[in-house]
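Enquirer: Starting off with a structure, shown below.
Where a number appears in this text, it was derived from the coordinates with a stated rule and is not lab data. For clarity, every value in this text was computed on a predicted model and none was experimentally measured. So basically every Cβ, Gly included, is an ideal-geometry build from the backbone, and we count neighbours across all protein chains shown.
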Amino acid sequence: MGKVLIIGAGGVATVAAVKIAQNADVFTDIMIASRTKSKCDKIKEYIGNPDIKTAQVDADDVEQLKALMNDYKPELCVNLALPYQDLTIMEACLACGVSYLDTANYEPKDEAHFEYSWQWAYKKRFEDAGLTAILGCGFDPGVTSIFTAYAAKHYFDEIQYLDIVDCNAGNHHKAFATNFNPEINIREITQKGLYWEDGKWVETAPLEIHQPLTYPNVGPKESYLLHHEEIESLVKNYPTIKRARFWMTFGQQYLTYLDCIQNLGMSRIDEIEYEAPLADNPDKKVKVKIVPLQFLKAVLPNPQDLGENYDGETSIGCRIRGLKDGKELTYYVYNNCSHQAAYQETGMQGVSYTTGVPAMIGAMMFFKGLWRRPGVWNVEEFDPDPFMEQLNKQGLPWHEIFNGDLEL
Ligand code: NDP
């Protein structure tokens, strides 16, 4: 029996729900709950399975979550809402005896800052409750962490240098759009860069460090060093790592728009006061508080609507250097994902696909009893083999290059 509750009804949740429904031998009961119930109903309609249940829930409210969980009684909650909701959902899971999985670590709304400490603090409570919490089970974090675990298990005695490389060589034919939630995406990219070297964190100015990297089937693309959450857990779980970095490609047009957005103050996450006429009574003005970045999200293209005209592919992987039997070895493991193939299968573009599929596989690992251990865990702490096997079966095949030039 696999009774799952999906929270959120965005691009990632849509893909995860489609893939969960495709694996009916593992997932016997499915509920999709989100802030806007009509979006859950739309996913149910797209999948065409009348047995899927849908519900409205405000995941910022622990009591509402508890009422929903006590009523539906899932075994696992797959959190595909936003990072702001991680802790409220974990609280509700603990109160209701439900295990937990997410794809992004907690971030407070009023501070563009993410780290695992808030969620790791729940370890003992999940342990005592006999419940499993699986953190960061998307692509990055997620598959990149599992790629690293697979490399450590099968090929290296000691991983010394890790570079996670994330290329989106797709084109959605919009002047500016983000590939996942615009608010979360812009907060992430405009932060200072951070990487791990010789036992300490090194901070950089935002997007300060960049260089071209060559991606399989894509070619060279300018790649920018960013802070990314999986580096934090990977250097803890693989203490032999001397340097760990994360790189992401951006086109010049994207960066020019991003610069404008910042210079115009539209990436601000503090509240500003704005006086505007009431929509239903323009003679009357009211003062409202607006967070500029949240307003920007409302006018930008919805990442869920990008799929139809999206061409090209993503290419995400790990470039690893280390030792095996005293000799140096390089290893590059990656997946390329076509935006159009993702759209044809799930109605969503490749970035939602590469996140939603691993979330489903993580849930499958839990229900099969392969990744079920009381406590709070990052994905690299589980056996990577059954997960890697499923990646090949579920639409995200991976490839390996041994002793190639890592360029880094
Ligand atoms: P979307 O913005 O498309 O979807 C988020 C969904 O969560 C929406 O349906 C939204 O509801 C719902 N939601 C937001 N707040 C609440 C709330 N308080 N209560 C209930 N539901 C709520 O985001 P994505 O699908 O693009 O991303 C989902 C998650 O995946 C994010 O956390 C993101 O950071 C993560 N991610 C992880 C990646 C990885 O590789 N690890 C890569 C990409 C994304 P409504 O529709 O009403 O607004």
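Enquirer: So if I restrict to the alpha-carbon atoms in the chain, what is the Rg, and what is Dmax, the biggest pairwise distance, in Å?
Expert: My reading of the Cα-based Rg and Dmax gives 20.9, 78 Å.
Enquirer: So between ASP311 and ILE401, what do we pick up on full extension, going 0.36 nm a residue minus the alpha carbon distance?
Expert: Stretched out fully, the ASP311 to ILE401 stretch lengthens by 29.8 nm.
Enquirer: Same structure again: Taking amide H positions as placed in the peptide plane 1.01 Å from N, state which residues far from ASP29 in sequence (5 or more) or on other chains have amide H under 5 Å from it.
Expert: The list, which skips near neighbours in sequence, is GLY2, LYS3, VAL4.
Enquirer: Can you give the FRET efficiency to the nearest 0.05 for ASN171 and GLN294, using r as the Cβ-Cβ distance and R₀ = 25 Å?
Expert: 0.40
Enquirer: Also, quick follow-up: So how strong a dipole does the chain carry about its Cα centre when Lys and Arg Cβ are +1 and Asp and Glu Cβ are -1, to the nearest 20 debye? Let's see the in-between values first.
Expert: Numbers: 38 positive and 57 negative charges, 94 e Å.
Dipole of the chain, to the nearest 20 debye: 460 debye.
Enquirer: Cα centroid distance between the stretch 91-132 and the stretch 51-90, in Å?
Expert: Cα centroid to Cα centroid, the span is 13 Å.
Enquirer: Another question, then. Label-point separation (nm) for ASN263 and LYS287, each offset 7 Å from Cα along Cα-to-Cβ?
Expert: The answer from the label model is 3.2 nm.
Enquirer: Once amide H atoms are placed 1.01 Å from N in the peptide plane, what residues at a sequence separation of 5 or more from ALA55, or on another chain, have their amide H within under 5 Å of its amide H?
Expert: Amide H to amide H, under 5 Å and 5 or more residues apart or across chains, ALA55 pairs with ILE32, ALA33, SER34.
Enquirer: Another question, if that's okay. Taking θ as phi - 60°, what are the ³J(HN,Hα) couplings along the stretch 353-367 by the Karplus curve (6.51, -1.76, 1.60), each to the nearest whole Hz, with x for Gly and Pro?
Expert: 5, 5, 8, x, 5, x, 4, 5, 5, x, 5, 5, 4, 5, 5
Enquirer: Cut-off is 10 Å between beta-carbons; in what order do ILE269, ILE134 appear when sorted fewest neighbours first? Walk me through the numbers before you get to the answer.
Expert: On the way: ILE269 16, ILE134 27.
Final ranking by Cβ density, sparse to dense: ILE269, ILE134.
Enquirer: Sticking with this structure for a sec: Listing CYS318, CYS40 from the residue with the fewest other Cβ atoms within 10 Å to the one with the most, what is the order? It would help to have the intermediate numbers written out before the result.
Expert: Values: CYS318 24, CYS40 27.
Least crowded to most crowded, the residues run CYS318, CYS40.
Enquirer: What full-extension length gain, to one decimal in nm, is calculated for ASP61 and HIS113 as 0.36 nm per residue of separation minus the Cα-Cα distance?
Expert: On the way: separation 52, 0.36 × 52 = 18.72 nm, distance 2.16 nm.
Between ASP61 and HIS113, full extension yields an extra 16.6 nm.
Enquirer: If you don't mind, there's one more thing I want to ask. Report the extension gain between ALA279 and GLU91 in nm, rounded to one decimal, defined as 0.36 nm multiplied by the number of residues separating them, less their alpha carbon distance.
Expert: Numbers: separation 188, 0.36 × 188 = 67.68 nm, distance 3.78 nm.
Full extension from ALA279 to GLU91 adds 63.9 nm.
Enquirer: How high is the FRET efficiency between GLU345 and LYS73 when r is their beta carbon distance and R₀ equals 25 Å, given to the nearest 0.05? Intermediate results must be reported in sequence, preceding the final value.
Expert: On the way: r = 31 Å, r/R0 = 1.22.
Efficiency for this residue pair is about 0.25.
Enquirer: Charges on Cβ only, +1 for Lys and Arg, -1 for Asp and Glu, centred on the Cα centroid of the chain; of ILE231, ALA133, TYR332, which one is farthest towards the dipole's positive end?
Expert: ALA133
Enquirer: While we're looking at this one, here's another question. Hey, how many Å between the Cα centroid of the stretch 26-42 and the Cα centroid of the stretch 186-202?
Expert: 36 Å
Enquirer: Only helical DSSP H runs with n ≥ 4 go in: add -39500 (n - 2.57) per run for the chain, normalise by residue count and round the 222 nm mean residue ellipticity to 500 deg cm²/dmol. Display every interim value, and only then the final one.
Expert: On the way: 14 runs with 141 residues, N = 408.
For the chain, the value works out to -10000 deg cm²/dmol.
Enquirer: How big is the dipole moment of the stretch 1-71 about its Cα centre under a simple scheme where the beta carbon of each Lys and Arg is +1, that of each Asp and Glu is -1, and everything else is neutral? Debye, nearest 20, please. Kindly include the intermediate steps, with their values, before the conclusion.
Expert: Values: 9 positive and 10 negative charges, 41 e Å.
My answer is approximately 200 debye.
Enquirer: Here is a follow-up. In debye, nearest 20: dipole of the stretch 233-331 around its Cα centre with unit charges on the Cβ of K, R (+) and D, E (-)?
Expert: On the way: 14 positive and 13 negative charges, 180 e Å.
Dipole about the Cα centre, nearest 20: 860 debye.
Enquirer: Rg(Cα) of the stretch 37-171 divided by 2.2 N^0.38 Å?
Expert: On the way: Rg = 17.6 Å, N = 135, 2.2 N^0.38 = 14.2 Å.
Relative to the 2.2 N^0.38 Å estimate, the stretch 37-171 comes out at 1.24.
Enquirer: Here's another thing I want to ask about it. Order by neighbour count: LYS242, LYS174, fewest other Cβ atoms within 10 Å first, most last.
Expert: Working: LYS242 16, LYS174 13.
Ordered from fewest to most neighbouring Cβ atoms within 10 Å, LYS242, LYS174 come out as LYS174, LYS242.
Enquirer: Taking θ = phi - 60°, what integer Hz values does the Karplus form 6.51 cos²θ - 1.76 cosθ + 1.60 yield along the stretch 40-57, in sequence order, with x for Gly and Pro?
Expert: Karplus-based 3J(HN,Hα) across the stretch 40-57 equals 5, 5, 5, 5, 4, 5, 4, 6, x, 10, x, 7, 5, 9, 10, 7, 9, 8 Hz.
Enquirer: Let me have the relative contact order for the chain, percent, based on Cα pairs under 8 Å that are six or more residues apart.
Expert: On the way: 871 pairs, mean separation 83.3, N = 408.
Rounded, it is 20 percent for the chain.
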